[in-house]
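Enquirer: Dropping a structure here in structure tokens format, bear with me for questions.
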Amino acid sequence: MAAYFIVQVSITDEGQYQKYREAVVPFIAKFGGKLAARGAKVHVFEGEHDTRPVVMFEFPNMDAVHAFWNSPDYPAIKKIREGVATLNAWAFPGI
């Protein structure tokens, strides 16, 4: 069953964050993750949203999401965005 990994980010240094993007997107692909939406503007129909753009990846399953996030190779990539971006990240299984 597919799984979805959602990220919202606040960026203070776009140039440095671009380096993170260039490293993390191919890394995610190694775990079967495919970019499904990038910089998507959320259209709110009810309730509230904090207006940050959304990035969404589709993975083969939740195990693949966990394998990516917990990979011993990810901390070095994560360090690229340290101090230049804060993010919220969620994952959930599809149906």
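Enquirer: For residue 61 and residue 19, what is the calculated FRET efficiency with R₀ set at 30 Å and r taken between the beta-carbons, to the nearest 0.05?
Expert: On the way: r = 29 Å, r/R0 = 0.97.
It comes out at approximately 0.55.
Enquirer: Then there is this: Just one of (i) -0.60, -0.86, -1.36; (ii) -0.63, -0.91, -1.48; (iii) -0.54, -0.80, -1.46 is log10 I(q)/I(0) by the Debye sum over Cα atoms at q = 0.15, 0.18, 0.24 Å⁻¹ as worked out from the coordinates here. Which one is it?
Expert: For log10 I(q)/I(0) by the Debye sum over Cα atoms at q = 0.15, 0.18, 0.24 Å⁻¹, the calculated option is (i).
Enquirer: Which of 76, 64, 85 ends up with the largest GNM mean-square fluctuation for the chain, with Cα atoms connected below 10 Å?
Expert: 76
Computed from the coordinates by the stated procedures, all read-outs in this text should not be read as laboratory data. Since the structure is predicted, the reported quantities are computational estimates derived from the model, not experimental observations. Glycine also receives a Cβ, built like all others from the backbone with ideal geometry; neighbour counts cover every protein chain displayed.
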